[in-house]
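The values are calculated or read from the model by the stated rules, or taken from the named source; none is laboratory data. In this text, all values refer to a predicted model and were calculated from it rather than measured experimentally. With ideal geometry, Cβ positions are generated from the backbone for all residues, glycine too; neighbour counts draw on all protein chains shown.
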Amino acid sequence: MIVTRFAPSPTGRLHLGHAASALFAFNKAREAGGTFLLRIEDIDPLRCKSEYIEGIYEDLHWLGLNWPEPVRFQSRHLDDYKRALAALEAKGLLYPCFCTRKEIVEESARAGRAPHEGEDAVVYPGTCRSLSLDARAELAHIRMPVWRLDMEKAVRITGQLFWRDELAGQDVEAKPERFGDIVLARKEVLTSYHLSVTVDDALQGVTLVTRGEDLRGVTDIHRLLQALLDLPVPRYAHHPLLYDGAGKKFSKRDQSVTLASLRQQGGLARDFATIAFFPNEGMK
């Protein structure tokens, strides 16, 4: 059975791009007689707001979507991520990093490294990877670290990996090493997007991950974590993104295209749930 999910962060009101993504996942599940899940990715304690959670429910119900209860809130399952981190630490794959973003950029510039798609503006140069235990203890008195994955060790353990591109109908070789030593746990909360989403998809039995084409690259990271944590491997469908008239991707910062504002202007749900998003993927 196909299980899909829509997993917004409650950091603002949903916009047209969110509507398209949610409808894409919902229809993929419905067409196969499967299940569509809603998950609230609220691990950011500074930006996530309860009023936005209510807005997510309101907007999705307006689009005609429904999902089984209870909804999974990431903030209520931090122990799941701690267990995953402990498993990676037991394999010697984690290390504390005390570098600031400014220091990372400066060190990469000195080394002649170009900016790279990933969690940071540049690939982390591995500055803290070889710190001694004494050096780590000394720095811990000054700064709270983030925890990074030792990518070189990780890919050596897993070997060659692939993930299934459902829309293209082919297997894609994962190359997570191009992202360098990614952050898996942050100072504010001991997890990260990459870790949480991988663990959640496995625990919720998601079999088809649907999301925007802009997240296609990080699928390589998630495939690596699945292998390291011995988790099931879903298939992936990365849908096209929506852009405004100026060719810019829709953003939460643009209040004019939120579903709430469009609804207030008299818009109808069916207007935003048809081929204007994806041909043949709207509500039927």
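Odds and ends about this structure:
- Test: residue in the range 52-59 that is acidic (Asp, Glu), over 13 Å from Thr207 (Cα atoms) and without any contact (Cβ under 8 Å) to a residue 40 or more places away in the chain: yes
- Every residue from the range 155-192 that is surrounded by 21 or more Cβ atoms within 10 Å (Cβ to Cβ) and either acidic (Asp, Glu) or in a helix (DSSP H, G or I) (or both): Pro176, Phe179, Asp181
- Some residue of the range 66-77 being within 30 Å of Leu149 (Cβ to Cβ) and in a loop (DSSP other than H, G, I, E, B): yes
- Filter pass, Gly17 being free of Cβ contacts under 8 Å to residues at least 60 places away in the same chain and more than 25 Å from His77 (Cβ to Cβ): no
- Any hit, the range 213-227, residues being buried (at least 17 other Cβ atoms within 10 Å of the Cβ), outside any strand (DSSP E or B), over 18 Å from the mean Cα position of the chain (by Cα) and hydrophobic (A, V, I, L, M, F, W, C): no
- Residue within the range 97-110 that is at pLDDT 95 or above, of a type in the set (Ser, Thr, Tyr) and in the same structural domain as Val199 (by TED's automatic domain parsing) present: no
- Restricting attention to the range 24-48, the residues that are in contact (Cβ under 8 Å) with a residue 12 or more places away in the chain, out of contact with any Asp or Glu (no Cβ under 7 Å at 6 or more places or on another chain) and either assigned to a helix (DSSP H, G or I) or surrounded by 14 or more Cβ atoms within 10 Å (Cβ to Cβ) (or both) add up to 15.
- Residue list for the range 12-27, restricted to those being aliphatic (A, V, I, L, M) and either in contact with a helix residue (DSSP H, G or I) (Cβ under 8 Å, 6 or more places away or on another chain) or outside the structural domain of Ser261 (by TED's automatic domain parsing) (or both): Leu14, Leu16, Ala19, Ala22
- Filtering the range 156-182 to residues that are in contact with a helix residue (DSSP H, G or I) (Cβ under 8 Å, 6 or more places away or on another chain), more than 19 Å from Pro232 (Cα to Cα) and in contact (Cβ under 8 Å) with a residue 40 or more places away in the chain leaves Arg178, Phe179, Gly180, Asp181, Ile182.
- The residue that is nearest to Thr210 (Cα to Cα), among those in the range 1-22 that are among the aliphatic types (A, V, I, L, M) and in contact with a Phe, Trp or Tyr (Cβ under 6 Å, 6 or more places away or on another chain), is Ala22.
- For the range 132-155, the condition holds for no residue, the condition being that it is closer than 24 Å to Arg5 by Cα, aromatic (Phe, Trp, Tyr) and either in contact (Cβ under 8 Å) with a residue 12 or more places away in the chain or not assigned by TED's automatic domain parsing to the domain that holds Thr35 (or both).
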